[in-house]
Amino acid sequence: MFSKIKTTLLAFSVFSFVLAPSLSFALSKIRVTSSSFRNGGRIGSKFVYSGFGCSGKNVSPEIRWGALPRGTKSVAVTVYDPDAPTGSGWWHWVVYDIPAGVHELKEGAGTKDGHRLPPGSRQAVTDFGAPGYGGPCPPKGDRPHHYIVTVYALKTAKLPVPSAASPAQIGYFLHFATIGKGRLVGRYGR
């Protein structure tokens, strides 16, 4: 009998100190919205890439996020197309080192030079080969692609990456620094 109680207490201790903190991470969900498109909705031509056969204006959408988990020291935002016919998807925008007090990227903030971003924020080179926002431009005739906007709450003020870091390098550091995240998905096809 004493052995069963001891085993039960040990299991509870393991849960409390090992598993419970990871469960609290899973509960740190951030609400993400945009006035540029609704969740699951179609992305307008204003936000579509200008090039590769697409004739949009390549303006980055407005992205807003709600309350961040306690301990957030910075924010990162990514826009990713998992449907791109590359075998690895396509990174359309990666912004990081956004100060924790900021809760929005304004429409048009994703210029190549980054001068419209919140002070201190940095952009990665995307799969278009340059920093800044690159809008949707799926192959003609493909079913509409999904463009996943993810907002990450990070436990570090600055990611330890070089200025020419790839989205994969940044993703590696995001993985270990994230304490909460939220998503918004837009769709576009032509």
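The values are calculated or read from the model by the stated rules, or taken from the named source; none is laboratory data. Because the structure is predicted, anything quoted here is derived from the model rather than measured. Cβ sites come from the backbone with ideal geometry, for glycine too, and all protein chains shown count toward neighbours.
Here is how the numbers come out for the structure above:
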{"item": "Selection within region 138-186 - among the polar types (S, T, N, Q) and out of contact with any helix residue (DSSP H, G or I) (no Cβ under 6 Å at 6 or more places or on another chain)", "result": "150, 163, 166, 169, 178"}
{"item": "Residues within region 35-62 that are buried (at least 20 other Cβ atoms within 10 Å of the Cβ) and either outside the structural domain of residue 155 (by TED's automatic domain parsing) or over 12 Å from residue 186 (Cα atoms) (or both), tallied", "result": "4"}
{"item": "Selected residue (only one of 162, 138, 119, 99 is surrounded by fewer than 21 Cβ atoms within 10 Å (Cβ to Cβ), over 15 Å from residue 60 (Cβ atoms) and in contact (Cβ under 8 Å) with a residue 24 or more places away in the chain)", "result": "99"}
{"item": "Enumeration of residues in region 80-100 that are touching a helix residue (DSSP H, G or I) at 6+ places or on another chain (Cβ under 9 Å) and among the aliphatic types (A, V, I, L, M)", "result": "94"}
{"item": "Filter result for the condition that a residue is touching a Ser or Thr at 6+ places or on another chain (Cβ under 8 Å) and at pLDDT 95 or above, over 73, 112", "result": "73"}
{"item": "Residue that is more than 18 Å from the chain's Cα centre (by Cα) and among the aromatic types (Phe, Trp, Tyr), where the choices are 96, 49, 80", "result": "49"}
{"item": "Residue count, region 103-137 (criterion: out of contact with any helix residue (DSSP H, G or I) (no Cβ under 9 Å at 6 or more places or on another chain) and at negative phi)", "result": "22"}
{"item": "Failed item in (1) within 21 Å of residue 165 (Cα to Cα); (2) touching a residue at least 12 places away in the same chain (Cβ under 8 Å); (3) surrounded by fewer than 21 Cβ atoms within 10 Å (Cβ to Cβ), with residue 78 passing the rest", "result": "(3)"}
{"item": "Residue within region 120-131 that is in contact with a His (Cβ under 7 Å, 6 or more places away or on another chain) and at pLDDT 95 or above present", "result": "yes"}
{"item": "Some residue of region 59-74 being free of Cβ contacts under 8 Å to residues at least 24 places away in the same chain and not hydroxyl-bearing (Ser, Thr, Tyr)", "result": "yes"}
{"item": "Residue in region 111-130 that is more than 16 Å from the chain's Cα centre (by Cα), in the same structural domain as residue 43 (by TED's automatic domain parsing) and among the hydrophobic types (A, V, I, L, M, F, W, C) present", "result": "yes"}
{"item": "Selected residue (only one of 172, 96 is more than 14 Å from residue 74 (Cα to Cα) and of a type in the set (Phe, Trp, Tyr))", "result": "172"}
